[in-house]
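Peer 1: Dropping a structure here in structure tokens format, bear with me for questions.
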Amino acid sequence: MIPFLDLKPCHIALQNELEQAFKRVMQSGWFILGREVETFENEFATYCEVRHCIGVGNGLDALYLVLAAQGIGMGDEVIVPSNTFIATWLAVTRTGAKPVPVEPYADTFNLDPTKIEAAITSRTRAIIPVHLYGQPADMAPIMRIAERHRLFVLEDAAQAQGAQYMGKPTGGLGHAAATSFYPGKNLGALGDAGAVLTNDAELAARIRRLRNYGSDIKYQHQVLGHNTRLDEMQAAFLRVKLKHLEEANQTRRHLACQYQSALEKIAPRCLGLQLPIVPQWAKPVWHLFVILSQQRDDLQRYLLASGIGSMIHYPLPPHLQACYPEYAKHQLPLAQSLAQQCLSLPLWPGMSESAVSQVVNAIGGFYQSLPTKF
Ligand SMILES: *Cc1c(COP(=O)(O)O)cnc(C)c1O
């Protein structure tokens with residue numbers, strides 16, 4: 001059996017270090033906003049080449065807090081990808097603003113800058129590019145459009161810790177970035193966690209206040225705040241995992257490379273199979289290895305019958321979700337066809353090369369089993 005994802009091997013490899021971190025926090029007797037959070041924030045900011053990092057409760061809150069701290073709300077519009085995890089949209093909706101979907105490039109699945117300007121109105125305040133599946137979005141043209149229209153750019157970097165765009169780490173490419181340390185992300189905590197990154201000191205101060213009851217000084221509340229703090233225990237675990245992130249991402253790149261070269265060999269015999277495409281300027285971290293197949297559901301069933309797990313990211317785009325009935329009639333054909341064709345193959349640090357070969361052999365077997373058309 002090859003599971004889609006197995007977090008155990010990488011945690012067992014770090015067991016001693018994680019137990020040390022646990023003991024350090026437990027014995028300190030300090031669990032909220034202390035030394036571990038502050039140190040992790042500094043370490044992660046340095047890693048992302050950004051001045052400020054603010055640890056928060058999860059990725060959705062990180063996205064929301066940036067928008068709220070920018071004063072975005074009722075009557076405003078924010079441009080979001082049509083094909084993303086629902087959190088990107090929900091953060092906008094929570095502020096009272098309206099998510100305005102824009103379609104992706106058909107090859108990299110990331111926001112297509114040439115389609116952004118048509119979606120800009122007098123109400124548009126911000127753009128949220130998502131570095132989907134660990135592949136950086138095409139940030140240079142997005143930043144040029146933002147400058148021209150005086151828009152704020154918030155990177156959703158939840159799937160891209162360590163990914164680079166033109167040699168620069170994601171998380172420092174826009175005006176601010178939000179990230180998630182959900183356990184399955186490239187940098188995953190042992191529970192919920194997230195962070196905001198920015199070079200803007202004033203924005204950072206507003207977010208620090210908002211995450212902690214709107215307070216800088218205990219029991220003095222300048223603004224209506226929230227309680228969404230990264231806790232000391234998760235920060236201590238994240239410090240351990242950050243030390244090993246480059247190595248883990250390198251393993252992912254190696255496995256992705258194995259997938260690519262093996263799949264390229266069988267692709268000519270697999271009608272309707274599309275492999276990941278990586279632009280020259282991108283150094284992805286393969287949060288997910290996503291292929292497109294016109295026979296996706298049959299392929300997924302075939303893999304499962306061969307003992308191979310896989311997942312769909314995501315089976316239904318945000319505009320077709322029950323929680324967004326007002327978008328049900330929107331025509332977003334790329335988001336819809338991606339949702340019908342995408343399949344995420346198993347890939348995690350600790351997966352073996354022979355497991356990759358097994359998956360590729362099974363995919364070849366599936367396409368061979370299809371009736372040939374004349
Ligand atoms: C995981 C994820 C989020 C949300 O993170 P949580 O920590 O689960 O709230 C936001 N955006 C994207 C693209 C994600 O993949």
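Bear in mind that the values in this text are calculations on the coordinates, not laboratory data. Here the structure is a predicted model, which is why all the values come from computation and not from measurement. FYI the Cβ positions are ideal-geometry reconstructions off the backbone, even for glycines, and counts take in every protein chain you see.
Peer 1: Under a Cβ-Cβ cut-off of 14 Å, what is the net charge of the residues other than ILE72 that fall near it, where Lys and Arg count +1 and Asp and Glu count -1?
Peer 2: +4
Peer 1: How large is ³J(HN,Hα), in whole Hz, for each residue of segment 15-27 in order, when computed from phi with the Karplus curve 6.51 cos²θ - 1.76 cosθ + 1.60 and θ = phi - 60°, using x for Gly and Pro?
Peer 2: Working through the residues one at a time gives 3, 4, 5, 5, 5, 4, 4, 4, 5, 4, 6, 4, 6 Hz.
Peer 1: Can you work out ³J(HN,Hα) from phi for every residue in segment 206-213, in order, using Karplus 6.51 cos²θ - 1.76 cosθ + 1.60 and θ = phi - 60°, giving whole Hz and x for Gly and Pro?
Peer 2: Values per residue, Gly and Pro as x: 5, 6, 4, 5, 4, 6, 10, 6 Hz.
Peer 1: Could you list log10 I(q)/I(0) for segment 143-266 at q = 0.13 Å⁻¹, which the Debye formula gives when each Cα is one point scatterer?
Peer 2: Those come out to -0.69, one per q.
Peer 1: Listed here are the pairs LYS23/LYS241; LYS168/LYS283; LYS8/LYS168; LYS8/LYS241; LYS185/LYS265; LYS185/LYS241; which of them are more than 19 Å apart at the Cα?
Peer 2: The answer is LYS8/LYS168; LYS185/LYS265.
Peer 1: Could I ask something else about it? Rounded to whole Hz and in sequence order, give me ³J(HN,Hα) for segment 335-345 from the Karplus expression 6.51 cos²θ - 1.76 cosθ + 1.60, θ = phi - 60°, writing x for Gly and Pro.
Peer 2: Karplus-based 3J(HN,Hα) across segment 335-345 equals 4, 5, 6, 4, 4, 7, 10, 7, 9, 8, 8 Hz.
Peer 1: Let me ask something else about it. I need the per residue convex hull volume for the chain, using only the alpha carbons, in cubic angstrom as a whole number.
Peer 2: Cα-based convex hull of the chain, divided per residue, equals 143 Å³.
Peer 1: Which order, highest average first, do 342-349, 172-179, 93-100 follow once you tally other Cβ atoms within 10 Å for each residue and take the mean per peptide?
Peer 2: Ranking, from highest mean packing down: 172-179, 342-349, 93-100.
Peer 1: To continue, here is another question. List the chymotrypsin sites (Phe, Trp or Tyr not before Pro) within segment 270-309 that fall in a DSSP loop (any state other than H, G, I, E or B) and whose Cβ has at most 14 other Cβ atoms within 10 Å.
Peer 2: Details: sites: TRP281, TRP286, PHE289, TYR302; in loops: TRP281, TRP286.
Loop-located and lightly packed - TRP281.
Peer 1: Counting alpha carbon pairs within less than 8 Å and at least 6 residues apart, what relative contact order, in whole percent, applies to segment 20-154?
Peer 2: Relative CO of segment 20-154 lands at 19 percent.
Peer 1: Largest first and to the nearest Å, give the Cα extent of segment 1-83 along each principal axis.
Peer 2: Here the Cα extents, ordered largest to smallest, are 51, 42, 25 Å.
Peer 1: Here's a follow-up. Just report the Cα centroid separation between segment 160-190 and segment 38-73, whole Å.
Peer 2: 11 Å
Peer 1: Same structure again: Using the charge dipole of segment 268-374 (Lys, Arg: +1 at Cβ; Asp, Glu: -1 at Cβ; taken about the Cα centre), state which of LEU304, TRP281, PRO318 has its Cα farthest towards the positive end.
Peer 2: About the Cα centre, the residue reaching furthest to the positive side is TRP281.
Peer 1: Let me ask something additional. Quote the Stokes-Einstein diffusion coefficient, in whole µm² s⁻¹, for segment 251-372, based on the Kirkwood radius over alpha carbon pairs, a temperature of 10 °C and a viscosity of 1.306 mPa s. Write out the running numbers ahead of the final one.
Peer 2: Working: Rh = 15.6 Å.
Taking Rh from Cα pairs, D becomes 102 µm²/s.
Peer 1: Viscosity 1.306 mPa s, temperature 10 °C: give me the Stokes-Einstein translational D for segment 1-150 in µm²/s, with Rh taken as the Kirkwood radius over C-alpha pairs.
Peer 2: On the way: Rh = 18.2 Å.
The estimated diffusion coefficient comes to 87 µm²/s.
Peer 1: Something else about it: Near the amide H of GLY309, under 5 Å away, which other amide H atoms are found, from residues 5 or more places off or on another chain, if H is placed in the peptide plane?
Peer 2: ILE2, PHE4
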